[in-house]
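What follows is a single structure, written as structure tokens, with notes after it.
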Amino acid sequence: MTLKIQNLCKSYENMKVFQNFHMEISENHITCILGPSGCGKTTLLNMISGIIQQDDGTFLGLEHKVISYLFQEPRLLDWKTVWGNIEFILKDIYQKEEREKIISKYIEMVGLKEFKDYYPPQLSGGMMQRVSIARAFAYPSDILLMDEPFKGLDIKIKESLFYAFIKLWNEDLRTVIFVTHDIEEALLLGDHVYVLGDIPVKIKKCFEISMPREKRSMEKETLKEIKKEIYKILK
Ligand SMILES: Nc1ncnc2c1ncn2[C@@H]1O[C@H](COP(=O)(O)OP(=O)(O)OP(=O)(O)O)[C@@H](O)[C@H]1O
């Protein structure tokens, strides 16, 4: 199944951000979206999630799908612990025993077992974002929307989160739509990489990256070539 975005239109006052926009997203794959600031990436995620309404157009294949949305900033509840933040969104979904198993599993997978009783203000930015990633995966969603989730983090934390994310995804495939400004991140992560541009926004190019994720590195010639091409499109 593919999520099909058809004839999407959205304007803010008199600025048309989307005008008859089409895009396809493959189920249980990672689709990365690159594009200049202000071209409409967050607006697109907000429309897919239903936070905002499109003026026109349809999202085929979205019916009855459950969506998790991972924002740029962690958005945790300061008065709940790491454990409590994840438990909060699962309490109406799973019985206690199953819930506890799931929470433990995800906290462990993002490497925060020792910090499960800490409150967000006691954690670093990277640790908080790890809690958000664990929370997004713990929630039984079909589609995971990620808006620059590693933005502003230092390179070491970013790398560890990046691999934690791939590990979580490999264990539990979801349809991921991942917005980023980082070309390398998109190439190392995505099955498809869309490059957007202009206003109203257009797809400038879509790259299919068939190389297995575990074999990818920016030393590979094919990825270097694609990076150059994307760079030229975005310049
Ligand atoms: N609520 C709003 N009211 C008016 N204009 C808006 C609103 N939200 C977004 N816009 C405008 O719509 C355009 C697309 O914004 P959007 O945040 O979707 O871009 P983006 O590609 O995610 O940008 P960035 O990469 O900087 O996060 C921008 O010109 C922005 O100023």
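The values are calculated or read from the model by the stated rules, or taken from the named source; none is laboratory data. Note that the structure is predicted; figures quoted are calculated from it, not measured. Cβ: placed from backbone, ideal geometry, glycine included. Neighbour counts: every protein chain shown. Heads up: the accessible areas ignore ligands, DNA and RNA and are worked out on the full protein's heavy atoms, side chains in. Shrake-Rupley method; radii C 1.70, N 1.55, O 1.52, S 1.80 Å.
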Subject >> Among 47-53, 36-42, the order from most to least packed when residues are scored by Cβ within 10 Å on average >> reply: 36-42, 47-53
Subject >> Links that overshoot a 24 Å alpha carbon limit, given the list LYS205/LYS227; LYS65/LYS228; LYS151/LYS228 >> reply: LYS65/LYS228
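To the nearest 0.05, what FRET efficiency results for LEU173 and ASN14 with a Förster distance of 25 Å applied to their C-beta separation?
Numbers: r = 41 Å, r/R0 = 1.66.
Efficiency computed from Cβ-Cβ geometry: 0.05.
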Subject >> Pairwise label distance in nanometres, LYS156 with GLU114, each label 7 Å out on the Cα-Cβ vector >> reply: 1.4
Original post:
Among rounded, prolate and oblate, which fits the range 74-141 when a ≥ b ≥ c are the square roots of the eigenvalues of its C-alpha gyration tensor, a/c under 1.5 means rounded, and a/b larger than b/c means prolate?
Top reply: prolate
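Among DSSP bridges having both ends in the chain, what percentage is antiparallel? Round to the nearest 5.
Values: 18 of 35 bridges.
Antiparallel: roughly 50 percent of the beta bridges in the chain.
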**OP:** Measure off, as a whole percent, the carbon and sulfur share of the 1.4 Å-probe accessible area of the range 74-141, all protein chains present.
**Re:** 50
Subject >> Mean accessible surface per residue for the chain, computed with a 1.4 Å probe while every protein chain stays in place, in Å² >> reply: 51
Original post:
Points 7 angstrom from Cα along the Cβ direction at LYS224 and ILE89: gap in nanometres?
Top reply: 4.0
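Can you pull out the chymotrypsin sites (Phe, Trp or Tyr not before Pro) in the range 152-235 whose DSSP state is coil and whose Cβ has at most 10 other Cβ atoms within 10 Å? Intermediate results must be reported in sequence, preceding the final value.
On the way: sites: PHE162, TYR163, PHE165, TRP169, PHE178, TYR194, PHE207, TYR231; in loops: none.
When the chymotrypsin sites (Phe, Trp or Tyr not before Pro) of the range 152-235 are filtered for loop state and at most 10 Cβ neighbours within 10 Å, nothing remains.
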Original post:
What's the FRET efficiency of SER124 with GLU184 using the Cβ-Cβ distance as r and R₀ = 22 Å, to the nearest 0.05?
Top reply: 0.40
**OP:** Determine the relative contact order of the chain: mean sequence separation of Cα pairs under 8 Å and six or more apart, normalised by residue count, in whole percent.
**Re:** 28
Original post:
Taking the range 80-164, which trypsin sites (Lys or Arg not before Pro) meet the DSSP loop condition and have no more than 13 other C-beta atoms within 10 Å?
Top reply: LYS91
**OP:** List the chymotrypsin sites (Phe, Trp or Tyr not before Pro) within the range 52-145 that fall in a DSSP loop (any state other than H, G, I, E or B) and whose Cβ has at most 12 other Cβ atoms within 10 Å.
**Re:** TRP79
Original post:
So what is the calculated 222 nm ellipticity per residue for the chain, using -39500 (n - 2.57) for each DSSP H run with n of 4 or more, over all residues, to the nearest 500 deg cm²/dmol?
Top reply: -11000 deg cm²/dmol
Original post:
Under 19 Å Cα-Cα from LYS156, which lysines qualify once same-chain neighbours fewer than 8 residues away are excluded?
Top reply: LYS167
